[in-house]
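S.K.: Sharing a structure with you now.
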Amino acid sequence: MLGRLSDRVTSMHEAATLRMAQRARALREQGADVISLAIGEPDFDTPEHIKAAATRALADGHTKYTPVAGVAPLREAIAQKLRHENGIDVDPAQVVVSTGAKQSLMNVCLALLQAGDEAILLAPYWVSYLEMIRFTGAHPVTVNADIDADYKVTADQLRAAITDKTRLVFLNTPSNPTGAVYERGELLEIAEIVRAHPNVMVVCDEIYEHIVFESRHVSLASLDGMAERVITVNGFSKGFAMTGWRLGYLAAPPAIAKAVAKVQGQFTSGANAFSQIAAVTALTGDREPTRVMCAAYRRRRDLLCSMLADVPDVQTNVPAGAFYIFPNVQAFYGRRAGDQIVDGSVALCEYLLDEAHIAVVPGAAFGDDRSIRLSGAAADDVLRTGVDRLAGALAKLR
Ligand code: PMP
Ligand code: GLU
């Protein structure tokens, strides 16, 4: 082939979430009746008042390049939101708007990590963190949380993983893929450890903050002394059903915010102009649609939990937030479908897609091969059919 690919890219894995969604789409295009619970994307449309704000913004001529770190009204609205809703003391100058939380996360990695550094991941972790860390040449260190611990890492586990090379810890609450939510007491323990290690910063990915069922979302950066030590990442994709608008942001200590904006200035510049104007409306306007969506995700969580509880040999946690469930299906490994042995989560997901036309994501992609991820961002009847198919296909394994 002409044009050698870099080692960096050759050794990178494709996002399993996007790959499974793409495989489901391809099968569907061939005429198969596929149920996809693969991608984590709200099945709701963006609320009308936000769409109307974007239309107005276009008519008003918001069609040009924007300042790299975001338009002033949006940075101001984000800072106000973080102060009032999350209790994080930030100035608009510390806010950098981006083309999605994904970009914010990568910007942080590029700004803070280099070869020889370590970054800690709490497994099960969201797929892209690992590849982002590896891309910078830094070394990912994984700390594993079990289903029996509600997929949450203990303070002792975290303390033991920190070395003098650790630069970043990735925390995601509510979590993709497990739905685990770190409570205030647990975050206080994490904060204490972070305080004892001045070279360590925490990336707290709060993109599912609006989807919490049992308690209230707590931001790590709101705890005593943490505003200087935490980079809070968020976006509009989940809480406002705005995945296709590509809009995210972070809030960080001033020097880090400046470095992140420098990176973004060279690679992509400021985010889409009219999306940013509409996002001000998302933050300052009616939040009822967000509450309605959260209530639907809660109902679906209950539905998924109760259906999966009836499937033999599947162990489920009860997600306290987000819209995923991450059942342990280890009991099926070693069983056979014809002459094919299911030897792990990747093989199981291939089998489920081929046998029952149900697309879910292998736990291996999230650093836990014992489980598979189902997205609950689908209509109730789709979830019912999906779990029925899953149960039927699992029952055929011997
Ligand atoms: N973080 C987590 C935990 C996610 O699940 C996702 C995917 N939606 C993102 C970040 C990226 O979101 P965005 O659409 O804002 O890039
Ligand atoms: N974050 C979503 C998921 O986990 C969307 C896919 C992606 O961005 O990788 O399914």
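The values are calculated or read from the model by the stated rules, or taken from the named source; none is laboratory data. Bear in mind that the values here come from a model prediction, so they are computed numbers and not experimental data. Glycine also receives a Cβ, built like all others from the backbone with ideal geometry; neighbour counts cover every protein chain displayed.
S.K.: Test of understanding: among 164, 205, which residue is buried (at least 18 other Cβ atoms within 10 Å of the Cβ), acidic (Asp, Glu) and at pLDDT 95 or above?
M.R.: After applying the criteria, what remains is 205.
S.K.: Would you point out the residue of the stretch 1-57, among those that are at pLDDT 90 or above and hydroxyl-bearing (Ser, Thr, Tyr), that is farthest from ligand 2 (Cβ to nearest atom)?
M.R.: Step by step, filter the stretch 1-57, then rank; the result is 55.
S.K.: If you don't mind, another one. Considering every residue within the stretch 76-98, establish whether at least one is within 16 Å of ligand 2 (Cβ to nearest atom) and either within 30 Å of residue 162 (Cβ to Cβ) or at pLDDT below 95 (or both).
M.R.: yes
S.K.: Would you confirm, using the coordinates I've provided, whether residue 217 is assigned to a loop (DSSP other than H, G, I, E, B), away from ligand 2 (no atom under 16 Å from the Cβ) and in contact (Cβ under 8 Å) with a residue 40 or more places away in the chain?
M.R.: yes
S.K.: Tell me, please, whether a residue that is at pLDDT 95 or above, assigned to a strand (DSSP E or B) and within 22 Å of the chain's Cα centre (by Cα) can be found in the stretch 374-388.
M.R.: yes
S.K.: Taking the options 356, 391, 377, name whichever one is out of contact with any strand residue (DSSP E or B) (no Cβ under 8 Å at 6 or more places or on another chain) and within 12 Å of residue 329 (Cα to Cα).
M.R.: Step by step, each of 356, 391, 377 is checked, and only 391 is out of contact with any strand residue (DSSP E or B) (no Cβ under 8 Å at 6 or more places or on another chain) and within 12 Å of residue 329 (Cα to Cα).
S.K.: Return the residues of the stretch 228-253 that are within 14 Å of ligand 2 (Cβ to nearest atom), closer than 30 Å to residue 195 by Cβ and of a type in the set (Val, Ile, Thr); say none if nothing qualifies.
M.R.: If the condition is that a residue be within 14 Å of ligand 2 (Cβ to nearest atom), closer than 30 Å to residue 195 by Cβ and of a type in the set (Val, Ile, Thr), then 233 is the only one that fits.
S.K.: Consider residue 283 carefully, then state whether it is in a helix (DSSP H, G or I), touching a Lys or Arg at 6+ places or on another chain (Cβ under 6 Å) and either within 16 Å of ligand 2 (Cβ to nearest atom) or not hydroxyl-bearing (Ser, Thr, Tyr) (or both).
M.R.: Judged against the criteria, residue 283 is a match.
S.K.: On to the next question. For the stretch 235-278, name all the residues that are surrounded by 24 or more Cβ atoms within 10 Å (Cβ to Cβ), under 12 Å from residue 100 (Cα atoms) and of a type in the set (Gly, Ala, Ser).
M.R.: 235, 248, 271, 275
S.K.: Residues that are within 14 Å of ligand 1 (Cβ to nearest atom): find the strands (runs of 3 or more DSSP E) completely inside the stretch 115-184 holding 2 or more of those.
M.R.: Filter on the stretch 115-184 gives 118-123, 166-172.
S.K.: Provide a single number: the residues in the stretch 316-371 that are free of Cβ contacts under 8 Å to residues at least 12 places away in the same chain and surrounded by 18 or more Cβ atoms within 10 Å (Cβ to Cβ).
M.R.: 0
S.K.: Continuing with this model, one more query. Among 232, 243, which is the only one that is near ligand 1 (Cβ under 9 Å from one of its atoms) and either closer than 24 Å to residue 319 by Cα or in contact with a His (Cβ under 9 Å, 6 or more places away or on another chain) (or both)?
M.R.: Sole residue among the options that is near ligand 1 (Cβ under 9 Å from one of its atoms) and either closer than 24 Å to residue 319 by Cα or in contact with a His (Cβ under 9 Å, 6 or more places away or on another chain) (or both): 243.
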